[in-house]
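> Pasting a structure here, questions to come.
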Amino acid sequence: MQKRSEGILLALFGMILYGLEPIVIKANPSNPASFAFFSAFLASLILLPFVDMNSVKNNIKKGILIGFFGTFLAYLSYSAGARLSTAINAALITRAEVLFSFILAYIFLGERITIKRAVYSFITLAGVIAVITRGKIVEPKMGDILLLLVPFFWQLGHIIAKKTNATPQTIAFLRNIFGSLFLLPLALVSGMEFTIYSVPEGVIIALGQIIWYASIRRIDLSLATAIITPAPAVAIAVALIMGEELTSWHIIGFTLITVGTLGLSIKREH
């Protein structure tokens, strides 16, 4: 019972962390490349004490690819997208990660497509479309397109990570250290500027990943996913306090994305 309680508390903490992330990214005043570089680099420093250096050496090639997709492209898109869109949109659109997980797992890992998983995928997609379009036939905004690319890049990194034998902490370290190295030239060219917002973002990246893996060691993946799925509600609450507009389409999108995400995630346990 104690182990289960610990897992639930860890997942709840993770939900709060991931809910705050779009707010921190949106508040960033520096250029996206510089912000992403410092955030990823700080995350790698936090993760360093938890890694197996022999495993790092054995997985450098895959680590480079994980860093390129999972951090370099993903967080560059996240930082730029959140700046051009809203924190509420960022929180909701990036929840499409489970949809890309379903598609890419079928393409690269040969995971079976079932009717139920297809239905939940369409529900998730409908939620994302509701958030982006708000019920109108309009050309998607660049910020929202960039935000939609974020979970796609995350999942490409996860697909590569799944083919390594490294510990979760080591994978996270490789992802962030190589990601920060890819980001460094862009940060220098665009004007290197440190912002204090990189510190909480670096902590969220590192601590969030450690907490997530620690929680699923104590409780079922489906339960952990169910707890962490409403994370956008945290971002929405803070964004409303900061004066952002919440529309009925955001609520509809949040509901559909939550239902679709839970349906896809819980199905994986069977």
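> Quick one: net charge around T170, please, counting Lys, Arg +1 and Asp, Glu -1 for every other residue with C-beta under 13 Å from its C-beta.
+2
> Could you please state how large a percent of the accessible area of the chain is carbon and sulfur, counting protein chains only and using a 1.4 Å probe?
The nonpolar share, carbon plus sulfur, comes to 69 percent.
> Normalised by the number of residues in segment 20-87, what is the relative contact order in percent for Cα pairs under 8 Å and 6+ residues apart?
Worked out over segment 20-87, it gives 71 percent.
> Taking a 1.4 Å probe, which of F35, F178 shows the most accessible area, and what order do the others take after it?
Details: F35 0, F178 40 Å².
Descending accessible area places them as F178, F35.
> Over the Cα atoms of the chain, each weighted equally, I'd like the Debye log10 I(q)/I(0) at q = 0.09, 0.12, 0.16 Å⁻¹, rounded to two decimals.
Values, matching the q order: -0.38, -0.71, -1.32.
> Right, next: Spin-label point model (7 Å from Cα, Cβ direction): what's the Q2 to K57 distance in nm?
Rounded to a tenth, the inter-label distance reads 3.9 nm.
> State to the nearest 20 debye the size of the charge dipole of the chain about its Cα centre, where the only charges are +1 on K and R beta carbons and -1 on D and E beta carbons.
760 debye
> How much accessible surface area, in Å² rounded to 10, belongs to the heavy atoms of M142 with a 1.4 Å probe?
Here the residue's solvent-accessible area equals roughly 110 Å².
> Taking 7 Å along the Cα-to-C-beta vector as the label spot, tell me the A237-R217 distance in nanometres, rounded to one decimal.
For A237 paired with R217, the spin-label model returns 2.9 nm.
> Keeping all protein chains in place and using 1.4 angstrom, which order do R95, R83 fall into by accessible surface area, from largest down?
R83, R95
> Something else now. Using the alpha-carbon centroid of each, what span in Å lies between segment 65-113 and segment 159-207?
After rounding, the separation between the Cα centres reads 15 Å.
> Please compute the alpha carbon radius of gyration of segment 69-159, then divide it by the globular-protein estimate 2.2 N^0.38 Å. Two decimals is fine.
In units of the globular-protein estimate, segment 69-159 measures up at 1.10.
> Can you tell me the FRET efficiency between N165 and L104 if r is taken as the Cβ-Cβ distance and R0 is 30 Å, rounded to the nearest 0.05? Working shown, then result.
On the way: r = 20 Å, r/R0 = 0.68.
That gives a FRET efficiency of 0.90.
> Using the heavy atoms of the protein chains and a 1.4 angstrom probe, tell me the accessible area per residue for the chain in square angstrom. Each step should come with its number before you reach the end.
On the way: 12620 Å² over 270 residues.
About 47 Å² of surface per residue is accessible.
> Still on this structure, please answer the following. May I ask you to order 144-151, 58-65, 230-237 by the average number of other C-beta atoms within 10 Å around their residues, highest value first?
144-151, 230-237, 58-65
The values are calculated or read from the model by the stated rules, or taken from the named source; none is laboratory data. Computed from a prediction, not measured in an experiment: that's the story for all the values here. We place every Cβ from the backbone using ideal geometry, glycine too, and count neighbours over all the protein chains shown. SASA here: full protein model, heavy atoms, side chains in, ligands and nucleic acids out. Shrake-Rupley method; radii C 1.70, N 1.55, O 1.52, S 1.80 Å.
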